[in-house]
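Bear in mind that the values in this text are calculations on the coordinates, not laboratory data. Just so it is clear, the model here is predicted, and its values are computed rather than measured. Backbone-built Cβ (ideal geometry, glycine too); neighbour counts: all protein chains shown.
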Amino acid sequence: MRHYAALSRQAGREFHCHVVQGANHAFYSVQWENDVMDATVGWLLGQVGRAADAGS
């Protein structure tokens, strides 16, 4: 993860990582799924807000 973060910084790209503690790759637990969906929706809404601000 650190390597990808460093590559992102070098490329001038934002890097965000959200770790769901204890989760497996498929997020079989409803709690894990909710956690990752909340993080994803929050990130997407932030991107939409930034795009709207850039278009103003």
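Tabulated results
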quantity	calculated
Residue 46 being over 21 Å from residue 1 (Cα atoms) and within 11 Å of the chain's Cα centre (by Cα)	yes
Any hit, the range 22-31, residues being without any contact (Cβ under 8 Å) to a residue 24 or more places away in the chain, assigned to a helix (DSSP H, G or I) and of a type outside the set (Gly, Ala, Ser)	yes
